[in-house]
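Engineer: Quick one: this structure, given as C-alpha coordinates, is what I'll be asking you about.
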Amino acid sequence: MTRLRQHRYVRRLRPMTVGRWTECLGTPLITATDAVAGDAFRVHSLGATTVIKGGGRLRFGDDVYLNSGVRIVCRQEVTIGSHVLIGFGAVILDSDQHPVGDAPVRTLPVRIGDGSWIAANAIILPGVTVGRRSIVGAGSVVTGDVPDEVVVAGNPARVVRQLSLPPDHKTAFGH
(Lines give C-alpha, C1' and ligand atoms only; values in the text may rest on other atoms or scores of the structure.)
Protein backbone atom coordinates (compact mmCIF):
# COMPACT_ATOMS: atom_id res chain seq x y z
CA MET A 1 0.00 0.00 0.00
CA THR A 2 1.44 3.37 -0.91
CA ARG A 3 2.39 5.79 1.82
CA LEU A 4 -0.20 8.36 0.62
CA ARG A 5 -3.02 5.81 0.56
CA GLN A 6 -2.01 4.46 3.96
CA HIS A 7 -1.97 8.02 5.38
CA ARG A 8 -5.51 8.60 4.07
CA TYR A 9 -6.77 5.50 5.91
CA VAL A 10 -5.06 6.45 9.16
CA ARG A 11 -6.62 9.93 9.10
CA ARG A 12 -10.01 8.27 9.58
CA LEU A 13 -8.83 6.97 12.95
CA ARG A 14 -8.35 10.38 14.54
CA PRO A 15 -8.32 11.19 17.45
CA MET A 16 -6.68 7.78 18.12
CA THR A 17 -2.91 7.33 18.22
CA VAL A 18 -2.00 4.30 16.11
CA GLY A 19 1.13 2.34 15.30
CA ARG A 20 2.58 1.28 11.96
CA TRP A 21 0.80 -0.79 9.29
CA THR A 22 -2.63 0.46 10.29
CA GLU A 23 -5.62 -0.22 8.04
CA CYS A 24 -9.03 1.40 8.08
CA LEU A 25 -11.76 0.46 5.61
CA GLY A 26 -14.90 2.57 5.67
CA THR A 27 -15.55 5.42 8.07
CA PRO A 28 -15.67 4.45 11.74
CA LEU A 29 -17.06 6.85 14.33
CA ILE A 30 -14.23 7.56 16.77
CA THR A 31 -14.72 10.03 19.60
CA ALA A 32 -12.50 8.40 22.23
CA THR A 33 -10.29 11.00 23.90
CA ASP A 34 -7.54 8.67 25.23
CA ALA A 35 -7.17 5.83 22.72
CA VAL A 36 -3.88 4.23 21.67
CA ALA A 37 -3.39 1.27 19.31
CA GLY A 38 -0.25 -0.70 18.51
CA ASP A 39 1.11 -1.84 15.16
CA ALA A 40 -1.09 -3.64 12.60
CA PHE A 41 -4.33 -2.22 14.04
CA ARG A 42 -7.16 -2.89 11.57
CA VAL A 43 -10.66 -1.42 11.64
CA HIS A 44 -13.41 -2.26 9.19
CA SER A 45 -16.52 -0.11 9.09
CA LEU A 46 -18.32 -1.27 5.97
CA GLY A 47 -22.03 -2.09 6.04
CA ALA A 48 -22.27 -1.19 9.73
CA THR A 49 -20.48 1.67 11.47
CA THR A 50 -17.75 0.74 13.91
CA VAL A 51 -17.93 3.00 16.99
CA ILE A 52 -15.07 3.69 19.43
CA LYS A 53 -15.99 6.30 22.02
CA GLY A 54 -15.57 7.54 25.56
CA GLY A 55 -13.31 9.55 27.81
CA GLY A 56 -11.61 6.64 29.55
CA ARG A 57 -8.25 4.97 28.94
CA LEU A 58 -8.56 2.73 25.85
CA ARG A 59 -5.58 0.59 24.82
CA PHE A 60 -5.19 -1.86 21.94
CA GLY A 61 -2.14 -4.11 21.55
CA ASP A 62 -0.44 -5.06 18.27
CA ASP A 63 -2.28 -6.97 15.53
CA VAL A 64 -5.85 -6.19 16.64
CA TYR A 65 -8.77 -6.47 14.20
CA LEU A 66 -12.17 -4.82 14.70
CA ASN A 67 -14.82 -5.97 12.24
CA SER A 68 -17.68 -3.78 11.02
CA GLY A 69 -20.31 -2.78 13.56
CA VAL A 70 -18.11 -3.24 16.64
CA ARG A 71 -19.03 -0.86 19.48
CA ILE A 72 -16.56 -0.03 22.23
CA VAL A 73 -17.64 2.45 24.89
CA CYS A 74 -14.96 3.35 27.42
CA ARG A 75 -15.70 5.56 30.43
CA GLN A 76 -12.92 4.28 32.71
CA GLU A 77 -10.62 1.69 31.09
CA VAL A 78 -10.72 -0.92 28.33
CA THR A 79 -7.54 -2.86 27.52
CA ILE A 80 -7.44 -5.18 24.53
CA GLY A 81 -4.31 -7.30 24.20
CA SER A 82 -2.30 -8.22 21.10
CA HIS A 83 -3.41 -10.65 18.38
CA VAL A 84 -7.12 -10.17 19.18
CA LEU A 85 -10.06 -10.51 16.77
CA ILE A 86 -13.35 -8.78 17.53
CA GLY A 87 -16.20 -9.97 15.31
CA PHE A 88 -19.03 -8.18 13.54
CA GLY A 89 -21.37 -6.31 15.85
CA ALA A 90 -19.58 -7.18 19.12
CA VAL A 91 -20.09 -4.74 22.01
CA ILE A 92 -17.60 -3.95 24.79
CA LEU A 93 -18.77 -1.71 27.65
CA ASP A 94 -16.97 -0.71 30.84
CA SER A 95 -20.03 1.08 32.19
CA ASP A 96 -23.76 0.42 32.52
CA GLN A 97 -24.18 3.94 31.05
CA HIS A 98 -27.10 4.77 33.39
CA PRO A 99 -28.31 3.91 36.90
CA VAL A 100 -30.48 0.85 37.41
CA GLY A 101 -33.11 1.42 40.08
CA ASP A 102 -31.48 2.88 43.21
CA ALA A 103 -28.02 1.56 42.28
CA PRO A 104 -25.42 4.03 40.98
CA VAL A 105 -23.90 3.71 37.52
CA ARG A 106 -21.48 0.78 37.56
CA THR A 107 -18.14 1.51 35.86
CA LEU A 108 -15.43 -1.19 35.98
CA PRO A 109 -12.38 -1.87 33.76
CA VAL A 110 -12.59 -4.46 30.98
CA ARG A 111 -9.61 -6.52 29.82
CA ILE A 112 -9.35 -8.80 26.79
CA GLY A 113 -6.31 -11.11 26.93
CA ASP A 114 -3.74 -11.63 24.18
CA GLY A 115 -4.74 -14.01 21.40
CA SER A 116 -8.47 -14.01 22.17
CA TRP A 117 -11.39 -13.97 19.76
CA ILE A 118 -14.64 -12.17 20.54
CA ALA A 119 -17.09 -13.57 17.97
CA ALA A 120 -19.95 -11.80 16.19
CA ASN A 121 -22.56 -9.99 18.30
CA ALA A 122 -20.98 -10.98 21.62
CA ILE A 123 -21.43 -8.52 24.50
CA ILE A 124 -18.71 -7.94 27.10
CA LEU A 125 -20.06 -6.18 30.21
CA PRO A 126 -18.31 -3.97 32.82
CA GLY A 127 -15.67 -5.59 35.03
CA VAL A 128 -15.03 -8.59 32.77
CA THR A 129 -11.58 -10.02 32.09
CA VAL A 130 -11.33 -12.40 29.14
CA GLY A 131 -8.28 -14.64 29.60
CA ARG A 132 -5.45 -15.26 27.16
CA ARG A 133 -6.22 -17.24 24.00
CA SER A 134 -9.91 -17.66 24.82
CA ILE A 135 -12.94 -17.59 22.52
CA VAL A 136 -16.24 -15.87 23.28
CA GLY A 137 -18.94 -17.50 21.13
CA ALA A 138 -21.23 -15.57 18.80
CA GLY A 139 -24.11 -13.84 20.56
CA SER A 140 -22.75 -14.56 24.04
CA VAL A 141 -23.30 -12.15 26.94
CA VAL A 142 -20.23 -12.17 29.19
CA THR A 143 -21.06 -11.10 32.74
CA GLY A 144 -18.10 -12.65 34.60
CA ASP A 145 -14.43 -13.39 34.07
CA VAL A 146 -13.35 -15.89 31.41
CA PRO A 147 -10.36 -18.16 32.21
CA ASP A 148 -7.37 -18.59 29.87
CA GLU A 149 -7.72 -20.98 26.92
CA VAL A 150 -11.43 -21.78 27.00
CA VAL A 151 -14.48 -21.35 24.81
CA VAL A 152 -17.46 -19.63 26.44
CA ALA A 153 -20.95 -19.34 24.97
CA GLY A 154 -24.49 -18.47 25.95
CA ASN A 155 -26.39 -15.88 27.96
CA PRO A 156 -24.88 -15.61 30.46
CA ALA A 157 -21.69 -17.02 28.95
CA ARG A 158 -20.42 -20.28 30.47
CA VAL A 159 -17.35 -22.39 29.73
CA VAL A 160 -18.31 -24.98 27.13
CA ARG A 161 -14.87 -26.28 26.24
CA GLN A 162 -11.26 -26.23 27.38
CA LEU A 163 -8.75 -25.52 24.60
CA SER A 164 -5.52 -27.47 24.34
CA LEU A 165 -3.21 -25.19 22.41
CA PRO A 166 0.50 -25.61 21.75
CA PRO A 167 2.53 -23.22 23.91
CA ASP A 168 3.95 -21.46 20.82
CA HIS A 169 0.49 -20.47 19.45
CA LYS A 170 -0.17 -16.76 19.81
CA THR A 171 -3.92 -17.11 19.41
CA ALA A 172 -6.92 -19.33 20.14
CA PHE A 173 -8.01 -19.17 16.51
CA GLY A 174 -5.40 -21.08 14.60
CA HIS A 175 -2.19 -19.13 13.95
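The values are calculated or read from the model by the stated rules, or taken from the named source; none is laboratory data. Just so it is clear, the structure is predicted and the values come from calculations on it, not from any experiment. Here Cβ is always computed from backbone atoms with ideal geometry, including for glycine, and neighbour counts include all displayed protein chains. Surface accessibility is based on the protein's heavy atoms, side chains included, excluding ligands, DNA and RNA. Shrake-Rupley method; radii C 1.70, N 1.55, O 1.52, S 1.80 Å.
Engineer: State which residue is farthest from Ala119 (Cα to Cα) when the search covers only the range 49-72 and only residues that are surrounded by fewer than 20 Cβ atoms within 10 Å (Cβ to Cβ) and touching a Ser or Thr at 6+ places or on another chain (Cβ under 7 Å).
Structural biologist: Filtering the range 49-72 for residues that are surrounded by fewer than 20 Cβ atoms within 10 Å (Cβ to Cβ) and touching a Ser or Thr at 6+ places or on another chain (Cβ under 7 Å), the one farthest from Ala119 (Cα to Cα) comes out as Gly55.
Engineer: I'm trying to understand the selection: among the residues of the range 73-92, which are part of a strand (DSSP E or B) and buried (at least 22 other Cβ atoms within 10 Å of the Cβ)?
Structural biologist: Correct list: Val78, Ile80, Val84, Ile86, Ile92.
Engineer: Right, something else. Within the range 1-40, work out how many residues are under 23 Å from Ser82 (Cβ atoms), modelled with pLDDT under 70 and either open to solvent by 50 Å² or more (accessible area, probe 1.4 Å) or in contact with a helix residue (DSSP H, G or I) (Cβ under 7 Å, 6 or more places away or on another chain) (or both).
Structural biologist: Going through the range 1-40 one residue at a time, the tally reaches 2.
Engineer: If we scan the range 104-120, do we find a residue that is open to solvent by 50 Å² or more (accessible area, probe 1.4 Å), free of Cβ contacts under 8 Å to residues at least 12 places away in the same chain and either within 19 Å of Asp34 (Cα to Cα) or in a loop (DSSP other than H, G, I, E, B) (or both)?
Structural biologist: yes
Engineer: Considering only residues that are open to solvent by 30 Å² or more (accessible area, probe 1.4 Å) and in a loop (DSSP other than H, G, I, E, B), which ones fall in the range 128-150?
Structural biologist: Selection gives Arg132, Ala138, Gly139, Thr143, Gly144, Asp145, Pro147, Asp148, Glu149.
Engineer: Limited to the range 17-57, what total is found for residues that are hydrophobic (A, V, I, L, M, F, W, C), assigned to a strand (DSSP E or B) and touching a residue at least 40 places away in the same chain (Cβ under 8 Å)?
Structural biologist: 0
Engineer: Turning to a different aspect of this structure: Restricting the range 151-170 to residues that are under 18 Å from the mean Cα position of the chain (by Cα) and assigned to a loop (DSSP other than H, G, I, E, B), which is farthest from Arg71 (Cα to Cα)?
Structural biologist: Once the filter is applied, the top-ranked residue is Lys170.
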